[in-house]
1. Restricting to segment A:43-61, name every residue that is of a type in the set (S, T, Y), in contact with a Cys (Cβ under 9 Å, 6 or more places away or on another chain) and without any contact (Cβ under 8 Å) to a residue 60 or more places away in the chain.
2. With a cut-off of at least 3 residues that are aliphatic (A, V, I, L, M) and over 22 Å from A:L155 (Cβ atoms), name the helices (runs of 4 or more DSSP H) lying wholly within segment A:209-316.
3. Taking the conditions exactly as written (farther than 18 Å from A:I88 by Cβ, of a type outside the set (D, E, K, R), in the same structural domain as A:L83 (by TED's automatic domain parsing) and free of Cβ contacts under 8 Å to residues at least 40 places away in the same chain), does A:F212 satisfy them or not?
4. Quick one: which of A:G59, A:G99 is under 20 Å from B:I51 (Cβ atoms) and either at pLDDT below 95 or more than 9 Å from chain B (Cβ to nearest Cβ) (or both)?
5. From the list A:G118, A:G108, A:G96, which residue is touching a strand residue (DSSP E or B) at 6+ places or on another chain (Cβ under 6 Å) and outside the structural domain of A:C292 (by TED's automatic domain parsing)?
6. Please verify whether segment A:197-212 includes one or more residues that are touching a strand residue (DSSP E or B) at 6+ places or on another chain (Cβ under 9 Å), within 14 Å of chain B (Cβ to nearest Cβ) and among the charged types (D, E, K, R).
7. Of all helices (runs of 4 or more DSSP H) completely enclosed by segment B:7-54, which ones contain at least 3 residues that are more than 7 Å from every other protein chain (Cβ to nearest Cβ)?
8. Go through segment A:142-189 and count every residue that is assigned to a helix (DSSP H, G or I), within 14 Å of A:I239 (Cβ to Cβ) and of a type in the set (D, E, K, R).
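The values are calculated or read from the model by the stated rules, or taken from the named source; none is laboratory data. All values reported here derive from a predicted model rather than from experimental measurement. Here the Cβ positions follow ideal geometry from the backbone for every residue, glycine too, while neighbour counts run over all protein chains shown.
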Amino acid sequence: MDKTDKTNKTDASPKNAESKNPGEKKKSKKKKLREAPRHIAQAVWTAVTNSYVAGFLKGRIYQGELKKLCVPGMNCYSCPGALGSCPIGSMQAVVGSSGFKFSYYVVGFLTLIGALIGRFVCGWLCPFGLFQDLLHKIPFPKKIKTFRGDKPLRLLKYIIFAIFVILLPMFLTNDFGNGSPYFCKLICPVGTAMAGIPLLILNEGMRALAGFLFRWKLAILIITVLLSILIYRPFCKYICPLGAVYSLFNRISVFKYRLDETKCVSCGACSRVCKMNVDPTKNCNSLECIRCGLCKKACPTKAISYGFVSGGVKVGKSKLAEDIKPDKTAET
Amino acid sequence: MKPKVDLSKILLTSAGPLLCIIGAAAVIFGYLRGEAAVILSKAIMVCMECIGIG
């Protein structure tokens, strides 16, 4: 059984006590309000980076110079509204080209964004993350928080990144030395949702070309949609190669979460509220943390904080537990 | 008594800013050697693989 479930049983927090009384409706209303600012930010970012309105009207895509730039989240560059390029698509385009076998441009971009904010991108700046967030809000009698094999399955995204984003486009090439974007071609439901379906609706010629591959990708999208209703962000947890890359930076990124151990009362409220099944008291910068901020809001003692760190000096709102301890020992 | 210097903590806090600089340098280097042009040439055409046609 998952540890999160164990904490559910042994919970003695004031919030849990509240949930047992008739104030349940009031609590659920509060929870919705808590997530609203993040969803607004996600929606605004999605709208800004997909604001080529003419594309949606004419069934074309944007062809300007901005497409040289990558956007931080999963955002298919064939979406009719897309102004920038998907880093995963760009990576495959460069490593699969005959001219280059390594992309300093995209690796540098992923390093820059990852080292700056880590998986904050997943929580706040990814259009497909928003899509899954909204799908998970659809009521269903029994939502699945965790299941047997959940943790090992999370390693799948790293394997997908290595095989489908790097190795296959790099080595499985045609006579001209060009490789296909295998992740986009065989797996990515983002391209189907953001580009395939809109373009096929708007463009009759493309509709005529859709065959087995489109049906295969449509099936993956439908499975992703159905699973997203049951499980929180299944694509992010198990499949997304971009999340896999950013996760490696979570521990060292400039923007970090912090736990003040002197304030933490181990009530379990943070791990209970986390939909990615992270326990912030064990590691508040876990590989799986998408930095949605729910744990911080749920903490009754405000032990969790976040902010930018520069040269070991905290710039956020409260002190680090690690920063406090040496001062105390110095006094004694 | 002075607090002990924790080297791992210093590494953890300095790795982020350092990688940001390395990342930015790699972006510039990649741009200058023409990678952005490859991305642009791919991204301005409808990606048949992405939409599930080609």
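1. If the condition is that a residue be of a type in the set (S, T, Y), in contact with a Cys (Cβ under 9 Å, 6 or more places away or on another chain) and without any contact (Cβ under 8 Å) to a residue 60 or more places away in the chain, then A:Y52 is the only one that fits.
2. It comes to A:212-230.
3. Yes.
4. Answer to the selection: A:G59.
5. Answer to the check: A:G96.
6. Step one: list which residues in segment A:197-212 are touching a strand residue (DSSP E or B) at 6+ places or on another chain (Cβ under 9 Å), which gives none.
No - not one qualifying residue is present in segment A:197-212.
7. Correct list: B:7-32.
8. Selection size over segment A:142-189: 2.
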